[in-house]
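Structure first, commentary second.
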Amino acid sequence: MTVAQVWADDLTGAAEAAHTWQNASGGDIRILLGIPERPTPESRTVCDLDLRHSTDAEVRARLEPAADQLDGHTSLFFKVDSQLRGPVRTYLEVLLDTGRPVVLSAANPALGRITADGRHHVPDAAGGGPPAELRSVFAGLPHHHLGAAEYDQIPSLLTGDTPTLVTADVSSGADLARLARSCRSGPRLHAAGSAPFLDALARSEVSGRGPAAGTGVPSRPVQQLFAVLGTTEPTGHAQVQALRERDPRTALVTAPATEDTRAIAESARHVRAALARGVHAVLTPPPDHTAAGHRTAEAMAALAATCRAALPGAGADVCLYLSGGYTARRVLDRLGFTELRLIPGTHDVVAHLVAPDGRTVLTKPGSYGDRNTLIDLTRPAPSCDTPTPDKETSGGLT
């Protein structure tokens, strides 16, 4: 197969896929926010369909019209979460309804997320749940799971009379490469899974001729950061804590819990004041102890509204950093952005994007990276003898 277009179910997944696709195959990649246009082999587009937190009915209502636009010559890669979060089964049902077989691998061996004996293992999953049994997850679908020694069955499975979902045991990058090579025998198929699987597929396409040269330049350290942290992932918060330990004057501003006009204006004022002092600013929702660790839609809307109110006071050299795909999409929708351009050749964990107004946007999945991710991205803030208040009233610095 030759990947003509990539779809993703959230924005950080789209950015990760764009970065992976560009590095593997070369050339420029753009990211569209919303239902894709009719794809062509030259489009090189990643589309964020913003489906991760949708119901099955919502997925079908939005995904089926997009899938209907695919012609018989267009092969799609659907980027899903390597922890298999979200309504993944429904995505695959819609793809199978196009009459094409689908090969799925959510494996990301570098993170220990592998598929073995038909079970998908996620060792760093919140709550430490048991591995997902793929035969149970996809029960009722025309599904065939292969062991690592059975990839030679893929060509016959891809040419059967009934469109089939094929999954496989994958425990290494070498397994992904073999799986991708097996998919080359089926030009009329769709694929779905992790960014490493997309990487393997893209590299199998350019095997023997090498990827095209990209047009980007290595990224420079960020001078000043405006971070919007909606993710509940502990990794994301540890990265901010490390940044504050290095740069104690980093301002942590709490957005209001609801879209109260006065409260949003007050929080935005604190962000603008911090940025005017030349320090990094971090905007977070208020603590939510009633939703099992998940932010409410109302709190996320207020977070996005506060970001929109604060951003006009930020200089062009201030980078907007969005941690977590749901956070990123809520903010960019509120800002009215519908398309982003990937800066090639940048950080492996954090995607560097350019918004239509020219501002640099950094984004990553909330669970990615290590404690030093933000430290590695940014220059130390200028020192100042004036202390930053340790705590103010709600909406202020904390």
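The numbers here are math on the coordinates, done by the rules we state, and not lab data. What you see is a predicted model; the values in this text were computed from it and never measured. Because the Cβ atoms are built from the backbone with ideal geometry, glycine has one as well, and the counts that use them run over all protein chains shown.
Rounded to the nearest 0.05, what FRET efficiency do residue 357 and residue 185 have when you use their Cβ-Cβ distance and R0 = 41 Å?
With a Förster radius of 41 Å, E is 0.35.
Pulled fully out, how much extra length does the chain show between residue 149 and residue 277, if you take 0.36 nm times their separation in residues and subtract their Cα-Cα distance?
Values: separation 128, 0.36 × 128 = 46.08 nm, distance 5.99 nm.
In short, 40.1 nm is gained.
Give the dimensionless ratio obtained when the Cα radius of gyration of region 74-168 is divided by 2.2 N^0.38 Å.
Here the Cα radius of gyration is 1.07 times the empirical estimate.
Could you give the Stokes-Einstein D for region 224-377 in µm² per second, using the C-alpha Kirkwood radius, 37 °C, 0.692 mPa s?
Using the Kirkwood radius from Cα pairs, D works out to 214 µm²/s.
Packing-wise, with mean Cβ within 10 Å as the measure, how do 142-152, 231-241, 276-286, 76-86 rank, highest first?
So the order, starting with the most tightly packed, is 76-86, 276-286, 231-241, 142-152.
Determine the principal axes of the Cα atoms in region 3-205, then give the extent along each, sorted from largest to smallest and rounded to whole angstroms.
Reported extents, whole Å, longest axis first: 39, 38, 34.
What distance in nm lies between label points placed 7 Å from Cα along the C-beta direction at residue 53 and residue 68?
Reported label-point gap for residue 53 and residue 68 is 2.8 nm.
Taking K and R as +1 and D and E as -1, what net charge do the other residues with C-beta under 11 Å from the C-beta of residue 201 add up to? Write down the numbers at each step before the final one.
Values: positive: 181, 184, 203; negative: 199, 205.
Result for the local shell: +1.
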